[in-house]
Amino acid sequence: MDQVKSAIKYGRELFLAGVNNAANGNLSFRKGKNIFITRSGSVMSELSSRDLVNIDSELASCEAPTHKLILENTSQINAVLHTHSPNAIALSLKIKKKFIKPLDLEGLYHFPQIPVVTSKMVPNAPDLPKKILDNQHYQAVIVRGHGLFTFGQDVREAYLKALTVDNICKILLLAK
Ligand SMILES: [Zn+2]
């Protein structure tokens, strides 16, 4: 599927799944030689092609530096998704460990462990992009008290990983 159509479709699906709400979260993808990202303030459940802007645009999400660093330094990743998943945030605030280990069968199959990084609690934290890049090989990174980053060959794959990690965190919260 065309990545613009995918961004619009899965942005809405994330909202319906309760993984994102209001105007939080953002996503980016490679298209040809360009990288596109959601516009600052865009609502993931209401995206249109006008909300997808060049990553260097002044209209880009304030979290563009993290997306840009990942997409410019990896060849196998073509899409980056960032959500403010309540389950991932709540779990990250409850634990002090640097990794989350799933309890459920499906979670363990996809993610033997998920890193939890800590960064400054401000928008566009300057220490965040490199911490995410350093952990991108885990396929998902949770930022303590902030949210979740997932990566994929396309937007759909990043979206499926976000749902899986949200489920992992929900099960951990319910089982403890
Ligand atoms: Zn965020």
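Would you be so kind as to identify which of VAL4, PRO102, LEU128 lies farthest towards the positive end of the dipole of the chain, taking Lys and Arg as +1 and Asp and Glu as -1 on Cβ and the Cα centre as origin? Result: PRO102, furthest along the dipole toward the positive end.
Karplus-based coupling profile of the range 127-143, in residue order and whole Hz: 8, 6, x, 5, 5, 6, 4, 4, 10, 4, 5, 7, 6, 7, 9, 9, 9, with θ = phi - 60° in 6.51 cos²θ - 1.76 cosθ + 1.60 and x standing for Gly or Pro.
Checking the table LYS33/LYS98; LYS98/LYS161; LYS5/LYS68; LYS9/LYS98; LYS9/LYS31; LYS97/LYS131 against a 26 Å threshold on Cα-Cα, which pairs fail? Going by Cα-Cα distance, LYS33/LYS98; LYS9/LYS98 fall outside the 26 Å limit.
Computed over protein heavy atoms with a 1.4 Å probe, the carbon and sulfur contribution to the accessible area of the range 1-78 reaches 48%.
Within the shell defined by Cβ-Cβ distances under 10 Å, the residues around ILE37 carry a net charge of -1, with Lys and Arg each +1 and Asp and Glu each -1.
Over all other residues within a Cβ to Cβ distance under 12 Å of ILE132, the charged ones net out to 0, with Lys and Arg as +1 and Asp and Glu as -1.
Highest mean packing comes first when the peptides 57-63, 119-125 are listed by Cβ atoms within 10 Å, giving 57-63, 119-125. Counting Lys and Arg as +1 and Asp and Glu as -1, what is the net charge of the other residues whose Cβ lies under 13 Å from the Cβ of ASN73? Residues close to ASN73 contribute a combined charge of +1. Close amide H contacts of GLY145 (hydrogens built in the peptide plane, cut-off under 5 Å, sequence separation of 5 or more or a different chain): SER92, LEU93.
A protection proxy built from the mean count of other Cβ atoms within 10 Å ranks the segments 142-152, 74-84, 92-102, most packed first, as 142-152, 74-84, 92-102. Show that you can apply the helix-only estimate: for the chain, add -39,500 (n - 2.57) for every DSSP H stretch of four or more residues, divide by all residues, and state [θ] at 222 nm to the nearest 500. About -11500 deg cm²/dmol. The string of couplings for the range 9-17 from the Karplus curve (6.51, -1.76, 1.60, θ = phi - 60°) is 5, 7, x, 5, 4, 4, 5, 5, 7 Hz, one whole number per residue in order, with x for Gly and Pro. Computed from backbone phi, the HN-Hα couplings of the range 162-175 come to 5, 5, 4, 5, 4, 5, 4, 5, 4, 5, 4, 5, 6, 7 Hz, rounded to whole numbers (Karplus: 6.51 cos²θ - 1.76 cosθ + 1.60, θ = phi - 60°; Gly and Pro given as x). Summed over the residues of the range 62-176 and divided among them, the accessible surface reaches 49 Å² per residue at a probe radius of 1.4 Å.
The values are calculated or read from the model by the stated rules, or taken from the named source; none is laboratory data. No experiment lies behind these values; they were computed from the predicted model shown. When we count neighbours, we look across all protein chains shown, and the Cβ atoms used for this are built from the backbone with ideal geometry, even at glycine. The protein model used for the area step is the full one, side chains on, heavy atoms only, and it has no ligands, DNA or RNA in it. Shrake-Rupley method; radii C 1.70, N 1.55, O 1.52, S 1.80 Å.
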